[in-house]
Amino acid sequence: MKNGKTDTPIDPYLPQNGNRGYRVSRYELDLEYKVASNRLAGKATITAVTTEARSRIGLDLAPNLDVTKVVVNGSRGAKYSHRAGKLVITPREKLPAGAALVVAIQYQGAPAPIRSVWGEVGWEELDEGALVASQPNGAASWFPCDDHPSSKASYRISITTDSPYYAVANGKLRDRRVRASQTTWVFEQSEPMSTYLATIQIGHYERRRVADGAVPIHAVLPPRLHTAFDHDFGRQGQIMDVFTELFGPYPFPGYTVVVTDDPLEIPIEAQGLSIFGSNHLDGRRGSERLVAHELAHQWFGNSLTLGQWRDIWLHEGFACYAEWLWAENSGGQSAHEHAVRAHQGLARKPQDLLVGDPGPTLMFDDRVYKRGALALHALRHRLGDDAFFELIRTWTDRYRYSTVTTEQFTDLAARFTDRPLRELWSNWLYEKELPSL
């Protein structure tokens, strides 16, 4: 709400998410989680600046988490209401445009996933621990936030939990303190991060370094899975080398793969981390394309993040094409062979989707992934390899840590050829009928 009037949605795909009137620069989360009872107690300190004069501000927070205290700029006089997933805070005095804003919120409850048209997303209780899978709108299941992808901020995440458990969050581990039966883990994520990419993973895990290249790669997983992991994820260092050559420098200080003791239907994307289930270890490297796919998201999705969910192909089309590029550069089938097979598969499916604006119910449809990858393959064919990969490296460099749009990518691509690309983009992104390959 804006001074009693309804704001237009920040993103029509998720009309209830996100808030106007301020820009967050930092979240500091001090959390305590009891695994046995699934109880979360937290304090979120949010640093922001107002972008317009406001008499109140809104945050996204799941209704099953109870707010117990709100302090605005050091004053406890703020009023607040918490209904239907919105925490609306009214400070004692109206905030002018450009005002510094520090909001401290204490809350508690039993965290649970948020139900959505894409299933349940957010904080999920495991048999022995917890995981967070927030794409696209699950961040509010565990902390108050401005929950839309163009709202990027730095984070400090402190999680205290029972000592037998290992906890991991985004960024670098800055501190670990053991007190009696509890351990506190403090992580610092200094590179800007969207709310849905923030994560905590808790389990009976061990952490170890698994690749010694220029980018440190670590594994966090149950000890019983070490041998299988070493085989099935054994080529991560080579994948990293291929991708840094093709896409440009890796955008974060390190990369961590978490493997849960539980099976997961699909891997989970987070900034600086990927989370796989024990079912992704089969002794045959059967999930290696997913290993490549999730690593590619660190460039396409985490460093460069869509500003509107309609542009989801900028994440998934690029990550899908990265699967084909890894195969091509590791002795497998060429990207073109993958493209031909993907095109044949798409030709047998309904032709009722616009890749460049698929709509909320279809934005995670496999056709967005495959046809987005085919659009890139068609562009590569048009530009030639040298210009195409120079374009990709320029893309990841120019918009590093930013939010991006399809128009920015198509405008940039036009600078790498004298031939018009309008028809290519129209055919692949904005026409329902599948173009010929």
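What follows draws every value from the coordinates through simple rules; no lab data is involved. Keep in mind that what you see is a predicted model, and the values were worked out from it rather than measured. When we count neighbours, we look across all protein chains shown, and the Cβ atoms used for this are built from the backbone with ideal geometry, even at glycine.
Quick notes
- Extension gain from Ala97 to Asp127, taking 0.36 nm per residue of separation minus the Cα-Cα distance: 6.1 nm
- Sorting Met193, Met240 by the number of Cβ atoms found within 10 Å of their own Cβ, with the fewest placed first, yields Met240, Met193.
- Shape class of the chain from the Cα gyration tensor (axes a ≥ b ≥ c, square roots of the eigenvalues): oblate, since a/c reaches 1.5 or more and a/b does not exceed b/c.
- Between Ser37 and Ser436, full extension at 0.36 nm per residue minus the direct alpha carbon distance yields a gain of 138.1 nm.
- Most tightly packed first, judged by the mean number of other beta-carbon atoms within 10 Å of their residues, the peptides 296-305, 79-88, 198-207, 413-422 read 296-305, 198-207, 79-88, 413-422.
- Greater than 20 Å apart at Cα, pairs in Lys34/Lys152; Lys69/Lys172; Lys349/Lys432; Lys69/Lys152; Lys43/Lys79; Lys152/Lys172: Lys34/Lys152; Lys69/Lys172; Lys69/Lys152
- Within the range 116-137, backbone nitrogen closer than 20 Å to the virtual label 7 Å beyond the Cα of Asn279 toward Cβ: 116, 118-136
- Net charge of the neighbourhood of Asp357, taken over other residues with C-beta under 15 Å away and scored Lys/Arg +1, Asp/Glu -1, is -3.
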